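Scroll down for the structure; my scribbles are underneath it.
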Amino acid sequence: MDAEAVSFDIVEAQVWRVKMEEEVKRREAEAKPAQLKHSIAWLAVDDALQESDLERRSDRHHRGTCEWVAKVPQMTSWNTDDFKEPVLWLKGIPGAGKPYNLRTLICPHYFRQERNVLLYLEQSSRSSWYYDLLVLL
Amino acid sequence: MAQLRILIPEMLEVIPCTRLVIDGLDECSYENQKKILKEVQSLCLHSGLRFKVLFSSREEVYIAAKLQGKPCISLNEKREHVDKDIQSYVQHAFRKLQKKFQVKDLDEVESLVVEKSKGIIIR
């Protein structure tokens, strides 16, 4: 009778454990959208400002210029969502100043596509980093 | 930097296929260049994170050493495209000047500007 009771306890504990694991998974899945929402709220980004900032960056290039960049194989590969090489280096002429403003070079082509979050890091003129966070949902 | 070190990996875990754009890396101090490249390297080594990072910089020695072997687009090697872009912009700017100052023939000056620019655009 004792052995029977023990086995019954073990089975019950196992069932309970599986139930708890499922419950935890369910709660985590439910919490993720809320977490994302809270993170974005914490970042305190203003949609209207973001959109106009994006317009401004996208339109700074002279019409017809910079379009060749989208067709370079390294760029099309970089713009593919895969697990392949994540890094791409766009290099200018050594010691001669940046030939292109990167924002105007790639903004028109890439920032218009559906992307969740854009984090743009750029050195400010005062030698401290600032970052622009564009949140496009 | 400390905030970004914590924030970015967490964001990348939640939001897949993010693009990071790091512009003007050569304009940072040497110390910051080292830090940033190191941070990005550890992100890249983090398996399971799906993201892409684009660096833009001049071809400085330290950066070139760290990014050696990575896919790159060298604007120096794309001179025909860069020159066309310069020409397009110069033409546009000169048309405006022509209109404003009633000048007739600027074609020769335009060609000279594009040629002398040597692929460098500074506005």
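General remarks:
- Heavy-atom accessible surface of the range B:38-119: percent carbon and sulfur, 1.4 Å: 51 percent
- Counting only protein chain heavy atoms and rolling a 1.4 Å probe, the accessible areas of A:W16, A:W78 rank, largest first, as A:W16, A:W78.
- The H on the amide N of B:L20, modeled in the peptide plane, is under 5 Å from the matching H of B:K52, B:V53, B:L54, each at least 5 residues off or on a different chain.
- Of the cross-linked pairs A:K71/B:K70; A:K32/B:K52; B:K34/B:K70; A:K25/B:K52, those separated by over 25 Å at the C-alpha level are A:K25/B:K52.
- The largest accessible area among A:R17, B:R19, B:R50 belongs to the first residue in A:R17, B:R50, B:R19, and the rest follow in falling order (1.4 Å probe, all chains).
- Scanning residues 5 or more positions from B:I73 or on other chains, those with amide H under 5 Å from its amide H are A:W89, A:L90, A:K91, with H placed 1.01 Å from N in the peptide plane.
- In Hz, Karplus ³J(HN,Hα) per residue of the range B:5-17 (6.51, -1.76, 1.60; θ = phi - 60°; x = Gly, Pro): 4, 8, 5, 4, x, 5, 5, 5, 5, 7, 10, x, 6
- Angstrom value of the Kirkwood radius, inverse mean 1/r, which spans all Cα pairs in chain B: 17.8 Å
- Taking amide H atoms as placed 1.01 Å from N in the peptide plane, the amide H of B:R58 lies under 5 Å from those of A:G92, B:D26, each 5 or more residues away in sequence or on another chain.
The values are calculated or read from the model by the stated rules, or taken from the named source; none is laboratory data. Here the structure is a predicted model, which means the values were calculated and not measured. Protein only, heavy atoms only, side chains kept; ligands, DNA and RNA dropped before computing areas. Shrake-Rupley method; radii C 1.70, N 1.55, O 1.52, S 1.80 Å.
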